[in-house]
Amino acid sequence: MTSPKKLFIKTYGCQMNVYDSERMAEALGGQGYVETKTADDADMILLNTCHIREKAAEKVYSELGRLKPLKALNPNLKIGVAGCVAQAEGAEIMRRQPAVDLVVGPQSYHRLGEMEAKVRSGQSALDTDFPEEDKFEHLKSRGAAKRAPAAFLTVQEGCDKFCAFCVVPYTRGAEVSRPATQLLEEARALVDRGVREVTLLGQNVNAYHGAGPKGDMTLANLIRELAKIDGLARIRYTTSHPNDMDDDLIAAHGEVEKLMPYLHLPVQSGSDRILKRMNRSHTAESYLKLIDRIRAVRPDILMSGDFIVGFPEETDADFEATMELVRQVRYGYAYSFKYSARPGTPAAERPLVPAEVADARLQQLQKLITQHQHDIQQSMVGRDLSVLVEKQGREAGQVVGKSEYLHAVHIEDATATIGDVAKVRIVAAKTNSLTARHV
């Protein structure tokens, strides 16, 4: 009996890459691979890369340099690079690092099986096309193995917005939505494997318009259909664009019980001048009015956002406008970054704000965001929440899960088991989590 080959996948970046890594592992499962948690004993190593962060490509090359000695020890080891850096760099990866056997872009990983066969025959394999066929139609169906209670489900890929700082339209391509029937089938299969919560993923997830049995369906339509699935307790979605928050999706937050009261809605800046330079197509005022409309239908919703500071030409007044917007919204979570140029994007050729100025602004913004996060977590103390139990805690008698507001919660007197939605009372707020006891 032939021993299974071992596959190690290192995933960088967003939740969509986590989902993609799962599907790549399933695709290579058909070639006889099982996953391993260490690169040291792998027969194939895949780096599933992200191009959003600063110097993303160089970090990948550094990682490949660290992996190269493993190939010297095991000449049969195959090394592949997948994801957005693979899409952006293409054949350059193999030129700079000959130890790489396989390069595959995010739209082509359904071809991994044939690519793996090619590299096993001694050839290299490169595929960074944007194929006409739907990769999801060509992937094998999800396996029957038990799953964790929370899972990701990619419903939409690509972006047509062309923000001046962003590489996504170039690495992920144009907006494409998966058919609703396909998504409902995959969601039911996940529930059959133990999943209680799905997070719908997309670069612009609220731009979803997928084919349905009676015509195109919006994200709100899809959420309402998913809510009908027995056993599915919770629905979330990320990441959204303010311009795609339509009336029906806003209404769904007040009408669909399974849709959690948490919304990640990036704004990037509070300055209209900078928003225009970013090609964001919304204003600070329109964003704040949108928040008001969402909170009108779901007053307890917890908002999350993204911010870029030090964008080219950002002045002190522009930055203060961002600080004022944050004061008005009071985010429960927010991701903030110092601008760094991405080659090929419109903003990359513009003069940079001095690094020390951008650093100081980022620290000031993060201090404000952290204070709001702390205040919101403290406001949870004494409240009764529901927690989806996801794993055992580090301490005896403890389990860990997520509240409806996406807070990490440690339940100390655990009677609930993994997969349960437990009713708890919050007794303490820590830096990055809450402590609870069963009600």
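Only aspartates and glutamates eight or more places from residue 118 in sequence, or on another chain, were considered; those with a Cα closer than 14 Å are 101, 127. The label point for residue 188 and the one for residue 3, both projected 7 Å from the Cα toward the Cβ, are 4.1 nm apart.
State, as an integer percentage, the relative contact order of the chain based on alpha-carbon contacts under 8 Å between residues 6 or more apart.
On the way: 861 pairs, mean separation 40.9, N = 439.
Averaging sequence separation for qualifying contacts and normalising by length gives 9 percent for the chain.
Cβ-Cβ distance of residue 383 and residue 418, R₀ of 22 Å, FRET efficiency by 1/(1 + (r/R0)^6): the value works out to about 0.40.
Mean 1/r over all different Cα pairs, inverted: what Kirkwood radius does the range 194-302 give, in Å? List each step's numbers first, then the result.
Details: mean 1/r = 0.0676 Å⁻¹.
It works out to 14.8 Å.
Peptides 215-224, 374-383 ordered by packing proxy, namely the average of other Cβ atoms within 10 Å per residue, highest first: 215-224, 374-383.
Applied to the range 257-262, the Karplus parametrisation 6.51 cos²θ - 1.76 cosθ + 1.60 on θ = phi - 60° returns per-residue 3J(HN,Hα) values of 4, 6, 7, 6, x, 9 Hz, with x for Gly and Pro.
Our estimate of slack between residue 356 and residue 391, defined as 0.36 nm per intervening residue step minus the Cα-Cα distance, is 8.4 nm. For the range 253-402, lysine pairs separated by 8 or more sequence positions, or belonging to different chains, with Cα-Cα distances below 28 Å total 11. Shown for the range 1-106: the carbon plus sulfur share of the solvent-accessible area, taken with all protein chains present and a 1.4 angstrom probe, equals 52%.
Which peptide among 205-211, 119-125 comes first, and what is the full order, when sorted by highest mean count of other Cβ atoms within 10 Å?
205-211, 119-125
Shown here for the range 315-378: GluC sites (Glu not before Pro) in loop regions (DSSP other than H, G, I, E, B) with at most 13 other Cβ atoms within 10 Å, of which there are none. Remark on residue 82: its backbone amide H falls under 5 Å from those of 47, 48, 49, 104, a criterion applied only to residues 5 or more positions apart or on other chains, H modelled at 1.01 Å from N.
Relative protection proxy for 146-155, 262-271, 80-89, from highest mean packing down: 80-89, 262-271, 146-155 (other beta-carbon atoms within 10 angstrom).
Straight-line cross-link reach from residue 5 at under 15 Å between alpha-carbon atoms covers these aspartates and glutamates, not counting any fewer than eight positions away in the same chain: 26, 35, 40, 41, 43, 116.
Out of all DSSP beta bridges in the chain, what portion is antiparallel? Express it as a percent rounded to 5. It would help to have the intermediate numbers written out before the result.
On the way: 25 of 70 bridges.
Bridges in the chain are about 35 percent antiparallel.
Given +1 at the Cβ of Lys and Arg, -1 at the Cβ of Asp and Glu and no other charges, the dipole of the chain around its Cα centre is 960 debye to the nearest 20.
Give me the net charge of residue 371's neighbourhood, meaning all other residues with Cβ under 12 Å from the Cβ of residue 371; Lys, Arg count +1, Asp, Glu -1. List each step's numbers first, then the result.
Working: positive: 327, 330, 367; negative: 375.
Once all neighbours under 12 Å are counted, the net charge is +2.
Per-residue ellipticity at 222 nm from helix content only, as computed over the chain with -39500 (n - 2.57) for each DSSP H run of at least four residues, stands at -10500 deg cm²/dmol. When the charge dipole of the chain is built from unit charges on Cβ atoms (+1 for Lys and Arg, -1 for Asp and Glu) and taken about the Cα centre, the candidate among 268, 209, 284 whose Cα reaches farthest toward its positive end is 268.
Counting only lysines at least 8 places from residue 6 when in the same chain, those with an alpha carbon closer than 16 Å to its own are 37, 71, 78.
How much length, in nm to one decimal, is gained on full extension between residue 130 and residue 286, taken as 0.36 nm per residue of separation minus their Cα-Cα distance?
On the way: separation 156, 0.36 × 156 = 56.16 nm, distance 3.47 nm.
Between residue 130 and residue 286, full extension yields 52.7 nm more.
Over the chain, the fraction of Cα-Cα pairs per 10 Å bin, rounded to whole percents and listed from the shortest bin up, is 4, 19, 28, 28, 17, 3, 0.
The values are calculated or read from the model by the stated rules, or taken from the named source; none is laboratory data. All values derive from a computational prediction rather than experimental measurement. Neighbour counts run over all protein chains shown; Cβ positions are idealised from the backbone, glycine included. The accessibility values were calculated without ligands, DNA or RNA, using every heavy atom of the protein model including side chains. Shrake-Rupley method; radii C 1.70, N 1.55, O 1.52, S 1.80 Å.
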